[in-house]
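*Asks:* Input: one structure, supplied below.
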Amino acid sequence: MPSRNPAKRLIASVKKVKADHAERRRTTGFEFAIADRIDLLSSRHWDAVTDEATFFLQRDYLNMFEQHGPREIAPRYCLIAEEGQPVAAVAAQMVVLEGGQLIAHPGSTHLEKEGEGKSKKLSAVPKGMLTKLGRSTLRHVRRRVLVCGNLLSWGAHGVAFAAGEDAARLWPAVAEALYRIRNAEKLFGKTDYVMVKDIPDSLAGGASQLRKFSYRPTATDPDMVLDLPSSWRGYDDYLSSLNSRYRKTAKALDKDVVKAGLRLESLTDLSSEADAIYRLYRQVHDRASVRLATLPAEYLPALAAAAGADHFRCTVIRRGDEMVGFVTTLKDGETAIGYYIGFDYATNADAPLYLRLLQAVVADGISLDCRRLSFGRTALEPKARLGAKPEPMSVWMRHRQPLLNLIVRPLLSAIPHDEPPQRNAFKETAGQ
């Protein structure tokens with residue numbers, strides 16, 4: 001039990017700071033293999049650690065990313081071993097971020113629904129504004145950041161631990177791996193920040209070991225997650241589980257799209273319509289409040305090929321032969337990820353493209369035989385109205401100068417994020 005004596009608490013705090021500093025200066029005793037390309041590491045050892053891990057740590061995806069990912073992102077990898085046996089794998093990305101990428105701008109929008117009426121249009125609402133001083137300061141920030149995770153996804157996609165290993169024991173080794181990668185990057189310039197991206201609350205206990213290495217957590221927008229019960233064999237089962245109010249709204253969206261002369265269909269060959277997909281993606285991306293990286297036109301077609309038909313869906317909305325909207329869904333174990341989306345804003349002003357595409361993700365997630373659907377952390381309100389619930393996440397940051405870690409947290413706290421809405425879209429008997 002902590003002492004109530006202020007002097008004793010201060011002494012204990014100083015001792016802990018000294019102990020943490022001493023631990024940071026010691027090696028963890030693990031072995032490390034660092035590479036710029038995934039194929040330079042032992043495929044057998046990497047697969048032994050990541051076989052049951054997220055799709056974003058599989059070699060098929062990582063090879064695809066190296067060839068077709070954003071040029072401004074440089075992948076880095078590390079295998080961690082103990083007595084020659086692999087125990088953990090780290091996938092990181094080096095990127096230069098500018099302050100203007102992290103704050104709202106006049107053209108940014110929330111993908112939110114207007115009111116309860118039948119039109120269900122998107123509202124162009126400026127993102128919550130920073131203080132004038134905070135905005136001015138951030139605009140002039142340009143920093144090299146080492147990201148443990150994936151800037152093109154959300155979730156814990158940067159670290160995998162071998163089966164049976166204690167995560168809390170291995171997080172210090174992850175911190176050492178990131179330290180070693182950062183030191184190897186000195187030839188290309190200093191690394192200002194190290195970020196461990198998107199740690200959910202369920203993994204926060206083990207990740208708390210990062211505090212000893214001067215990492216500090218900051219909450220981000222939550223992931224909006226919809227449970228997909230095994231009893232749902234199709235989209236009609238989902239509709240039947242909604243209460244009357246939300247079921248009526250869901251059906252009205254479909255009717256509005258049909259009334260506008262639009263139709264939904266599946267697209268299996270993304271490469272044949274890569275230009276149309278990219279044009280619609282950019283309409284959404286260019287209006288986003290935060291743009292850490294921009295996809296190349298070939299990324300989504302290459303992702304579809306790497307994932308395969310059993311793990312990837314693309315639903316499009318057309319007016320005649322013209323594509324006016326698309327959405328992609330990726331199977332990641334038992335989780336379906338509502339991935340990238342694009343739509344024509346002019347068409348969306350007259351028909352609820354965005355909201356209908358979100359419904360399509362539900363249908364595609366069920367068709368992929370997944371047990372949960374991750375919608376991501378934008379447009380929290382419309383996703384809550386589909387029945388999704390918020391799952392908190394945080395990022396852990398460390399500045400290269402320990403003293404400057406004191407300002408990392410306020411800096412990140414200045415970036416606005418929304419409070420997760422709570423909605424009860426399902427019947428009480430639906431098991432939600």
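The values are calculated or read from the model by the stated rules, or taken from the named source; none is laboratory data. Worth saying up front: this structure is predicted, and the values here are computed from it rather than measured. Using ideal geometry, Cβ is built from the backbone for each residue, glycine included, and neighbour counts are taken over all protein chains shown.
*Asks:* List the helices (runs of 4 or more DSSP H) that sit entirely inside the range 1-117 and contain at least 1 residues that are modelled with pLDDT of 90 or more and surrounded by 14 or more Cβ atoms within 10 Å (Cβ to Cβ). Talk me through it step by step, then tell me what you get.
*Replies:* Numbers: elements: 6-24, 43-50, 59-68.
Where helices (runs of 4 or more DSSP H) fall fully within the range 1-117 and carry at least 1 residues being modelled with pLDDT of 90 or more and surrounded by 14 or more Cβ atoms within 10 Å (Cβ to Cβ), they are 43-50, 59-68.
*Asks:* A follow-up question, please. Does residue 315 satisfy the condition of being under 19 Å from residue 254 (Cα atoms) and free of Cβ contacts under 8 Å to residues at least 40 places away in the same chain? Talk me through it step by step, then tell me what you get.
*Replies:* On the way: under 19 Å from residue 254 (Cα atoms): yes; free of Cβ contacts under 8 Å to residues at least 40 places away in the same chain: no.
For residue 315, the condition - under 19 Å from residue 254 (Cα atoms) and free of Cβ contacts under 8 Å to residues at least 40 places away in the same chain - is not met.
*Asks:* Return a yes/no flag: does the range 275-292 have any residue that is more than 30 Å from residue 166 (Cβ to Cβ), in a strand (DSSP E or B) and within 22 Å of the chain's Cα centre (by Cα).
*Replies:* Looking for residues that are more than 30 Å from residue 166 (Cβ to Cβ), in a strand (DSSP E or B) and within 22 Å of the chain's Cα centre (by Cα), one finds none in the range 275-292, hence no.
*Asks:* Looking at the range 363-381, which of its residues are closer than 26 Å to residue 197 by Cα and either in contact with a helix residue (DSSP H, G or I) (Cβ under 6 Å, 6 or more places away or on another chain) or modelled with pLDDT of 95 or more (or both)? Steps first, answer last, please.
*Replies:* Initial filter on the range 363-381 (closer than 26 Å to residue 197 by Cα): 365, 370-381.
Matches in the range 363-381: 365, 370, 371, 372, 373, 374, 375.
*Asks:* Further, regarding this structure: For residues that are of a type in the set (Asp, Glu) and more than 19 Å from residue 153 (Cα to Cα), scanning just the range 184-222, find the one that is farthest from the chain's Cα centre (by Cα). Before you say what the answer is, go through the steps one by one.
*Replies:* Pass one, the range 184-222, residues of a type in the set (Asp, Glu): 185, 192, 198, 201, 221.
Now restrict to residues that are more than 19 Å from residue 153 (Cα to Cα): 185, 192.
Details: 185: 25, 192: 22 Å.
Among residues in the range 184-222 that are of a type in the set (Asp, Glu) and more than 19 Å from residue 153 (Cα to Cα), the one farthest from the chain's Cα centre (by Cα) is 185.
*Asks:* Separate question: Among the listed residues 202, 214, identify the single one that is outside the structural domain of residue 292 (by TED's automatic domain parsing), touching a Pro at 6+ places or on another chain (Cβ under 6 Å) and more than 30 Å from residue 294 (Cβ to Cβ). Write out each step before concluding.
*Replies:* On the way: 202 fails: touching a Pro at 6+ places or on another chain (Cβ under 6 Å).
Unique residue meeting the criteria: 214.
*Asks:* Sticking with this structure for a sec: Any idea how many residues of the range 323-359 are small (Gly, Ala, Ser) and either surrounded by 24 or more Cβ atoms within 10 Å (Cβ to Cβ) or part of a strand (DSSP E or B) (or both)? Quick ask: steps written out before the conclusion?
*Replies:* We begin by selecting, within the range 323-359, every residue small (Gly, Ala, Ser); these are 325, 333, 336, 338, 342, 346, 349, 351.
Pick out the ones that are also either surrounded by 24 or more Cβ atoms within 10 Å (Cβ to Cβ) or part of a strand (DSSP E or B) (or both) and you get 325, 336, 338, 342, 351.
Number satisfying all stated conditions: 5.
*Asks:* Moving on. Tell me the residue from 201, 223 that is surrounded by 20 or more Cβ atoms within 10 Å (Cβ to Cβ), charged (D, E, K, R), in contact with a strand residue (DSSP E or B) (Cβ under 9 Å, 6 or more places away or on another chain) and touching a residue at least 12 places away in the same chain (Cβ under 8 Å), please.
*Replies:* On the way: 201 fails: surrounded by 20 or more Cβ atoms within 10 Å (Cβ to Cβ).
Selected residue: 223, the only one of 201, 223 that is surrounded by 20 or more Cβ atoms within 10 Å (Cβ to Cβ), charged (D, E, K, R), in contact with a strand residue (DSSP E or B) (Cβ under 9 Å, 6 or more places away or on another chain) and touching a residue at least 12 places away in the same chain (Cβ under 8 Å).
*Asks:* Also, quick follow-up: Identify, please: which residue in the range 324-337 is farther than 15 Å from residue 304 by Cβ and not hydrophobic (A, V, I, L, M, F, W, C) and is, among those, nearest to the chain's Cα centre (by Cα)?
*Replies:* Taking the candidates together, the pick is 335.
*Asks:* If you go through the range 210-259, how many residues are of a type in the set (Asp, Glu) and either in a strand (DSSP E or B) or under 30 Å from residue 197 (Cα atoms) (or both)?
*Replies:* Initially, the range 210-259 is screened for residues of a type in the set (Asp, Glu), giving 221, 223, 227, 236-237, 254, 256.
Narrowing the set further to residues that are either in a strand (DSSP E or B) or under 30 Å from residue 197 (Cα atoms) (or both) leaves 221, 223, 227.
Summing the residues that are of a type in the set (Asp, Glu) and either in a strand (DSSP E or B) or under 30 Å from residue 197 (Cα atoms) (or both) in the range 210-259 gives 3.
*Asks:* Quick one: how many residues across the range 78-92 are within 27 Å of residue 189 (Cα to Cα) and either of a type in the set (A, V, I, L, M) or in contact with a Leu (Cβ under 6 Å, 6 or more places away or on another chain) (or both)?
*Replies:* Our first condition is that a residue be within 27 Å of residue 189 (Cα to Cα); within the range 78-92, this holds for 78-80, 89-92.
Then keep just the ones that are either of a type in the set (A, V, I, L, M) or in contact with a Leu (Cβ under 6 Å, 6 or more places away or on another chain) (or both); that gives 79-80, 89-92.
The qualifying residues number 6.
*Asks:* Could you tell me which numbered condition residue 301 fails, if it satisfies all but one of (1) assigned to a loop (DSSP other than H, G, I, E, B); (2) at pLDDT 95 or above; (3) under 20 Å from residue 343 (Cβ atoms)?
*Replies:* (1) is the only condition that residue 301 fails.
*Asks:* Which residues, taken from the range 161-198, are in contact with a helix residue (DSSP H, G or I) (Cβ under 9 Å, 6 or more places away or on another chain), surrounded by fewer than 20 Cβ atoms within 10 Å (Cβ to Cβ) and of a type in the set (A, V, I, L, M)?
*Replies:* Passing the criteria: 163, 167, 168.
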